Amino acid sequence: MKSFKRLFTFFSLVFLFTGVLVGCQQSSEELTKIKVAEVTHSVFYAPHYVAISEGFFEEEGLEIELINAGGADKAMAALISGEVQVGFMGPEATIYVYNEGGKDQPINFAQVTQRDGSFLVSKNPNPDFKFSDLSGSEIIGGRKGGVPEMTLEYVLKANGLDARPDDETAEVNVRTDISFDAMAGAFTGLDAEYVTLFEPLATTMEQQGKGYIVASIGEQTDNIPYTCYSATTSYIEANSDTIQAFTNAIYKGQQWVASHTSEEIAESIHEFFPDMELKDLVTVVERYRSIDAWAEDPVLAEESLNNLMDIMQLAGQLDNRAPYEAIVDTTYAENAIANIK
């Protein structure tokens, strides 16, 4: 009798264990897979990585696959072609598509960053840097029409400098002939005295003795919706629950970042930047916190979008302003704030 009981207990445990495994497999299979094209891979997007590493997407039933597009134009191309379901880039890309009369308009549904995340890097150390020091210089500024380049132009002009793209007669010549993902490498081989870089590239350049961070570009501007999530109108209409779940996860990531230390944030996202020492990652995180780079909720405000379009117009890259309601939907962000405590 005792042998039967032991045998029954054994098979019961095997059954329960098998059931747990099957349950886990079913749970994994039930996750909705979402491909996300990120404009670049940067510590600047800490809430984005925290939402993955802390399991917030999984809590919402999603599995995320990241693709580094290497520029907003490429991220938007991947989104429109259907290669990815969500684009993570500046909303200027959706404005361009709107003005071109695209049939399946991409819609910005959640915002992550609210300042420019690039840093001005000099070939020579300049601990007492002033923007007037840039007079007569050449800066590698990124793709013409991209937000990093346009924001740089805006900041230079706000500091009284005559800055123009690809014009050697200008007081500051902003080079736009280098693709976004090749800027750091090009800087070491060209005569340009300055380049704008996101982290961790800026810190890596310093560590290699190839450049020196002299200023934050984002610190010089008002709030702008620098990086947002977008999806095509057709995808949102057909997958409203998925977009809501995605936004919920991002909001959880934003809340987590707002309530944790730089050290804790660095530890959470370290897996995404394995080549960086943890102490260096903490320094970079602190740099972004110090300029209030991250939005604490995913709502893209109209005033913020207008600030961005002002910058685009000043750069001569926007003839027609896109209506806020045509390229932004805050429904999902507002629902997340209302329902997640």
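The range 250-297 to the range 60-134: how many Å between their Cα centroids? One Cα centre to the other: 19 Å.
For the chain, the 222 nm mean residue ellipticity estimated from helices alone, with every DSSP H stretch of n ≥ 4 adding -39500 (n - 2.57) and the total spread over all residues, rounds to -13500 deg cm²/dmol.
Between Asn239 and Ala326, what is 0.36 nm times their sequence separation minus the Cα-Cα distance? Round to one decimal in nm. Gain on extension, Asn239 to Ala326, equals 29.5 nm.
For Ile107, what is the net charge nearby, where nearby means another residue's Cβ is under 11 Å from its Cβ and Lys, Arg count +1, Asp, Glu -1?
-4
The H on the amide N of Val328, modeled in the peptide plane, is under 5 Å from the matching H of Asn108, each at least 5 residues off or on a different chain. Taking θ as phi - 60° and the Karplus parameters 6.51, -1.76 and 1.60, the scalar couplings of the range 111-119 work out to 10, 10, 10, 10, 9, 5, x, 8, 10 Hz in sequence order, x denoting glycine and proline.
Taking amide H atoms as placed 1.01 Å from N in the peptide plane, the amide H of Ala215 lies under 5 Å from those of Leu120, each 5 or more residues away in sequence or on another chain. For a paramagnetic label modelled at 7 Å from the Cα of Glu30 toward its Cβ, which residues of the range 45-77 fall within the zone defined by backbone nitrogen distances under 14 Å? Residues 58-63 fall inside that zone.
Between Asn126 and Ala77, residue separation times 0.36 nm minus the direct Cα-Cα distance comes to 13.7 nm.
Packing-based ranking of 286-296, 226-236, 93-103 yields 226-236, 286-296, 93-103, ordered from highest to lowest mean Cβ neighbour count within 10 Å. At q = 0.10, 0.16 Å⁻¹ the log10 of I(q)/I(0) for the range 224-325 amounts to -0.42, -0.93, computed by Debye summation with a single uniform scatterer per C-alpha, solvent ignored.
Residue separation of Asn99 and Lys341 scaled by 0.36 nm, minus their Cα-Cα distance, works out to 83.3 nm of gained length.
If R0 equals 22 Å, the separation of the Cβ atoms of Asp167 and Asp133 corresponds to a calculated FRET efficiency of about 0.70.
Taking every alpha-carbon pair under 8 Å whose residues sit at least 6 apart, the chain reaches a relative contact order of 26 percent. Net charge in the neighbourhood of Leu318 (other residues with Cβ under 10 Å of its Cβ; Lys, Arg +1, Asp, Glu -1) is -2.
The Cα atoms of the chain cover 97, 46, 33 Å along the three principal axes, with the biggest extent listed first.
Could you check how much of the accessible area of the chain is carbon and sulfur, as a whole percent, using a 1.4 Å probe?
Working: 7620 of 15520 Å².
Roughly 49 percent of what the probe reaches on the chain is carbon or sulfur.
Computed over protein heavy atoms with a 1.4 Å probe, the accessible surface of the chain works out to 46 Å² per residue.
Computed over the range 96-211, the range of Cα coordinates on each principal axis works out to 48, 33, 25 Å, biggest value leading.
For the chain, hydrophobic long helices are taken as DSSP H runs at least 15 Å long by C-alpha position along their axis with mean Kyte-Doolittle hydropathy of -0.5 or more; these are 2-30, 147-158, 240-258, 278-290, 302-314.
Could you sort out which of Lys74/Lys130; Lys74/Lys210; Lys252/Lys279 sit more than 30 Å apart by Cα distance in this structure?
Values: Lys74/Lys130 34 Å; Lys74/Lys210 28 Å; Lys252/Lys279 25 Å.
Long pairs (Cα-Cα over 30 Å): Lys74/Lys130.
For the range 160-177, the Karplus equation 6.51 cos²θ - 1.76 cosθ + 1.60, evaluated at θ = phi - 60°, returns couplings of x, 9, 7, 10, 9, x, 6, 10, 5, 8, 6, 4, 10, 8, 9, 7, 10, 8 Hz by residue, with Gly and Pro reported as x. Remark: C-alpha extents of the range 202-261 on the principal axes read 50, 28, 27 Å, sorted largest to smallest.
The values are calculated or read from the model by the stated rules, or taken from the named source; none is laboratory data. This structure is a prediction, so every number in the text was calculated from the model and none was measured. Positions of Cβ are generated from backbone atoms using ideal geometry, with glycine treated the same way; all protein chains shown enter the neighbour counts. Ligands, DNA and RNA are excluded from the accessible area calculation, which covers all protein heavy atoms including side chains. Shrake-Rupley method; radii C 1.70, N 1.55, O 1.52, S 1.80 Å.
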